[in-house]
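Worksheet: the structure to be examined is printed underneath.
The values are calculated or read from the model by the stated rules, or taken from the named source; none is laboratory data. Quick caveat: nothing in here was measured; it's all calculated off a predicted structure. Note: ideal-geometry Cβ built from the backbone for every residue, glycine included; neighbour counts use all protein chains shown. All accessible areas refer to the heavy atoms of the entire protein, side chains included, with ligands and DNA or RNA removed. Shrake-Rupley method; radii C 1.70, N 1.55, O 1.52, S 1.80 Å.
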Amino acid sequence: MKKIGNAVLIGGLAALATWITAPQMLNIPTWAVFGCWASYFLFGAEPRKSGIGMFQLVLGIVIGALFLIVAPHVAPSLGLWTGPALVFLVAGGLSFMEWTPLNIIAAYYIGLTIMFASGFPPDVRHVLILISAAALAFFFGWIYMVIRTWFFAMIDGHAQTV
């Protein structure tokens with residue numbers, strides 16, 4: 001019963017997320033929501049831990065946008081070395097986060113990846129769209145855990161009374 005209920009819950013939430021993110025609704029990239037949704041579970045599947053991970057993922061999106069803003073300005077000087085030089089600075093800088101409370105380095109890279117993969121220009125509107133995708137995804141992760149916990153407790157309680 002748990003497996004069937006879990007499958008219905010995941011399928012239903014995934015369908016709802018797909019519907020909500022459609023161009024006629026919120027117009028948020030569905031793929032970004034699903035990528036961030038997986039991150040909720042990678043970052044601990046509970047609000048505090050995953051919230052810290054989400055904050056770092058959002059920072060990764062912002063760092064990616066800054067990268068895309070800076071790159072054209074330094075390209076005339078660095079030429080083909082623009083990408084490698086900026087990647088060196090970003091990756092090297094992120095390695096120092098290991099010694100801080102914001103030490104989920106993968107979260108920054110996921111945010112960077114989302115920004116770069118989106119193909120969006122690095123303007124405020126598009127950064128906010130991607131941040132909205134992350135927020136929506138983490139909400140879906142949280143609501144999944146709440147409903148799943150309730151459902152499993154209900155099933156376990158029912159099994160004990162039978």
Counting only residues in the stretch 1-19 that are in contact (Cβ under 8 Å) with a residue 12 or more places away in the chain and not hydrophobic (A, V, I, L, M, F, W, C), the one nearest to Ala32 (Cα to Cα) is identified as Thr18
Residues of the stretch 42-58 satisfying the condition of being touching a residue at least 60 places away in the same chain (Cβ under 8 Å) and aliphatic (A, V, I, L, M) | Leu42, Ala45, Met54, Leu57, Val58
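Let's see how each residue does on (1) under 27 Å from Ala7 (Cβ atoms); (2) surrounded by 14 or more Cβ atoms within 10 Å (Cβ to Cβ); (3) modelled with pLDDT under 95:
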position	(1), (2), (3)
Ile63	no, yes, no
Leu68	no, yes, no
Ala71	no, yes, no
Ala117	no, yes, no
His126	no, yes, no
Ile131	no, yes, no
Met145	yes, yes, yes
Thr149	yes, no, yes
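Conditions (1) of a type in the set (Val, Ile, Thr); (2) more than 11 Å from the chain's Cα centre (by Cα), marked per residue:
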{"residue": "Met115", "(1), (2)": "no, no"}
{"residue": "Gly119", "(1), (2)": "no, yes"}
{"residue": "Ile129", "(1), (2)": "yes, yes"}
{"residue": "Phe138", "(1), (2)": "no, no"}
{"residue": "Gly141", "(1), (2)": "no, no"}
{"residue": "Met145", "(1), (2)": "no, yes"}
{"residue": "Trp150", "(1), (2)": "no, yes"}
{"residue": "Met154", "(1), (2)": "no, yes"}
Scanning the stretch 109-139 residue by residue, the ones that are of a type in the set (Phe, Trp, Tyr) and farther than 13 Å from Leu66 by Cα total 3
Take Ser77 and decide whether it is exposed (fewer than 14 other Cβ atoms within 10 Å of the Cβ), among the hydroxyl-bearing types (Ser, Thr, Tyr) and either over 23 Å from Val127 (Cα atoms) or within 15 Å of the chain's Cα centre (by Cα) (or both).
-> yes
Which residue out of Ala32, Ala38 is open to solvent by 30 Å² or more (accessible area, probe 1.4 Å) and in a helix (DSSP H, G or I)?
-> Ala38
Within the bounds of the stretch 87-108, is there any residue that is part of a loop (DSSP other than H, G, I, E, B), in contact (Cβ under 8 Å) with a residue 12 or more places away in the chain, farther than 15 Å from Val58 by Cα and open to solvent by 80 Å² or more (accessible area, probe 1.4 Å)?
-> yes
